């Protein structure tokens, strides 16, 4: 029997999880980045409330979008290095399931 990985199984991605996530070692850095992004979004809200020129608002939206993309790429890399590699070491079947899960996540990111 294969040793289960510490990541969510592909069949139940919303299951409770008691092991570390791939991003766990960088959790504080991710949280700091998300707080900065949250501040940028609040800034955009203030810009709209004060009738700031549309191009300036769009520029800030672009910056937030790029910042979120950077976070998502980091999380994706962490997932590949931790969850996918761990699953592949456990069994071919688990590895293939994690690759399919990661591919679906990449497709969702690509569409956004």
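Values quoted throughout were computed directly from the atomic coordinates according to the rules given, and no laboratory measurement underlies them. All values reported here derive from a predicted model rather than from experimental measurement. No Cβ is skipped: glycine too gets one built from the backbone with ideal geometry, and neighbour counts run over all protein chains shown.
What the table shows:
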item	result
Rough spin-label spacing in nm, given labels placed 7 Å along Cα→Cβ, for residue 73 and residue 40	1.3 nm
Value in Å of the Kirkwood radius, where the stretch 23-111 supplies the Cα pairs that are averaged	15.1 Å
Inter-label distance, nm, simple model (7 Å from Cα along the C-beta direction), residue 49/residue 85	4.5 nm
Projected label distance in nm at residue 31 and residue 92, using a 7 Å step from Cα toward the beta-carbon	4.2 nm
Where a label projected 7 Å from the Cα of residue 61 along Cα→Cβ would reach, residues of the stretch 97-112 with amide N under 16 Å	112
